[in-house]
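For reference, the structure discussed in these notes is given below.
The values are calculated or read from the model by the stated rules, or taken from the named source; none is laboratory data. Since we're looking at a predicted model, the values are computed, not measured. Ideal geometry is used to build each Cβ from the backbone, glycine not excepted, and the neighbour counts take in all protein chains shown. The area values use the complete protein model at the heavy-atom level, side chains included, leaving out ligands, DNA and RNA. Shrake-Rupley method; radii C 1.70, N 1.55, O 1.52, S 1.80 Å.
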Amino acid sequence: MLLGGTTEASQLARALAEAEVDAVFSYAGRTAAPVAQPLPTRVGGFGGVAGLRDWLQVQRITQVVDATHPFAAQMSSNAVHACAAAGVPLLAFERPAWQPQAGDRWQCVADIDGAVAALAPTPARVFLAIGRQNLLSFAPSAQCASHHYLLRLVDAVADLPLPSAQVVIARGPFTVEGDRALLQQHGITHLVAKNAGGSGAAAKLEAARLLGLPVILIDRPAVPARRMAATVEQVMAWLGHHGGAAGNAERGV
Ligand code: 3Y8
Ligand code: NAP
């Protein structure tokens, strides 16, 4: 079973389909119309650790690959505990964190609250590229009421908790040219982003570097230790060792 929801998960799904591995792709159901996958797909939570453990046993899953986003910490933690309880091998497929390069003006903070605190009280035009789930943390406090926010969301939302905000609806992957134009068009003075890593959302950081804009970058939350892979090839090799990719496993991934 492949826990998905990232560019890398989609790349792995294509490799699994091409290798005719018996696999199932899993989305949380966070977005209205997630990208279709070349594998049988299930959508929605499992019901915590116990729900996932039971599901793995009923579905006779022989391996789990966690290719969720580094900020999907609850899912990753649940996968560690459920796989241990079910005796199912687990591998995390995670892209490395972004590293600063020459010209970057990054301020790294530990979490969302650290990002709110890092925004100076002087009025700013902020590209808040963290999605929808954490917007409430930026809701009007004394200092942030003076900021104007540009939000990029996957789906439109009815009532935004921010007094001065403009929304762009887009799913990504994004391009440097597109993000640079977006930042210039909206007169952005600051970026706030999660250290997602990977290629799908790195464009905004490169655009910020080209424009000399400061970036408040939120570090990844901690997840329990688990076996890791950084490439599709490493995942396929691991599956092969466990029989999954050879197609001779009872159930597969
Ligand atoms: C539902 C699947 C692909 C996958 C695209 C990647 C790239 C764009 C980085 C910005 C940052 C953000 C957000 C983002 C990234 C990729 C990748 C990645 C950031 C989809 C997807 C699902 C989600 C969930 C969604 C969250 C939101 C976060 C937008 C599909 C498109 C901001 C995270 O409305 C909501 O509730 C949205 C929720 C979790 C963060 C948040 O807290 O709001 N992703 N993103 C997955 C599911 O249901 O299981 O809809 O097709 C996947 C992608 N998101 O097709 O190439 O890194 O792989 N997604 C962040 O990193 O800050 C966008 O705009 O620059
Ligand atoms: P999360 O907070 O770690 O997980 C919350 C709950 O959502 C989980 O306990 C689980 O519910 C369910 N869930 C999460 N991912 C799932 C999946 N792939 N399949 C089935 N259920 C899942 O997760 P999140 O941060 O909201 O992320 C949700 C999805 O969006 C994931 O697929 C992730 O890869 C993708 N995504 C997230 C971000 C981000 O910034 N967080 C960015 C890009 C993509 P139960 O406990 O009921 O099993």
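If you line up the Cα atoms of the chain on their principal axes, what length do they span on each, largest first, in Å?
Rounded to whole Å, the extents work out to 61, 34, 31 Å.
Scan around residue 108 for amide H atoms under 5 Å from its own, H built in the peptide plane at 1.01 Å from N, and keep only partners 5 or more places away or cross-chain.
217
What's the FRET efficiency of residue 219 with residue 101 using the Cβ-Cβ distance as r and R₀ = 22 Å, to the nearest 0.05? Show your work: numbers first, answer last.
On the way: r = 17 Å, r/R0 = 0.79.
It comes to 0.80.
What nm value, rounded to one decimal, do you get for the distance between residue 139 and residue 227 when each label is placed 7 Å out toward the C-beta?
Each label point is offset 7 Å from its Cα along the Cβ direction, giving 4.4 nm.
What is the gain in length, in nm to one decimal, between residue 206 and residue 241 on full extension, counting 0.36 nm per residue of separation less the C-alpha to C-alpha distance? Please list the in-between numbers first.
Numbers: separation 35, 0.36 × 35 = 12.60 nm, distance 3.82 nm.
Going from the current span to full extension adds 8.8 nm.
After finding the eigenvalues of the alpha carbon gyration tensor for the stretch 1-93, what semi-axes result from the square roots of 5 times each, listed largest first in whole Å?
Semi-axes (√(5λ), whole Å): 19, 15, 12.
Can you pull the one-decimal nm distance between simple spin-label points at residue 113 and residue 159, each 7 Å off the Cα toward Cβ?
2.5
Sequence gap at least 6, Cα distance under 8 Å: using those rules, report the relative contact order of the chain to the nearest whole percent. Could you put the intermediate results ahead of the total?
Working: 488 pairs, mean separation 65.6, N = 253.
Relative contact order here is 26 percent.
Just how large is the dipole of the stretch 15-91 about the Cα centre, in debye to the nearest 20, putting +1 at every Lys and Arg Cβ and -1 at every Asp and Glu Cβ?
Taking the Cα centre of the stretch 15-91 as origin, the dipole is about 260 debye.
What percentage of the solvent-accessible surface of the chain, computed with a 1.4 Å probe over protein heavy atoms, is contributed by carbon and sulfur atoms?
Carbon with sulfur: 53 percent of the solvent-accessible area.
Averaged per residue, what accessible surface does the chain expose to a 1.4 Å probe, in Å²?
Working: 11580 Å² over 253 residues.
So the chain comes to 46 Å² accessible per residue, rounded to a whole number.
Dipole size in debye (nearest 20) for the stretch 74-233 around its Cα centre, Lys and Arg Cβ +1, Asp and Glu Cβ -1?
Numbers: 13 positive and 11 negative charges, 19 e Å.
Computed charge dipole of the stretch 74-233: roughly 100 debye.
Tell me what the chain gives for mean residue ellipticity at 222 nm when only DSSP H runs of n ≥ 4 count, each as -39,500 (n - 2.57), the sum divided by the residue total, rounded to 500 deg cm²/dmol. Don't skip to the answer; put the middle values down first.
On the way: 7 runs with 73 residues, N = 253.
Dividing the helical sum by the residues of the chain leaves -8500 deg cm²/dmol.
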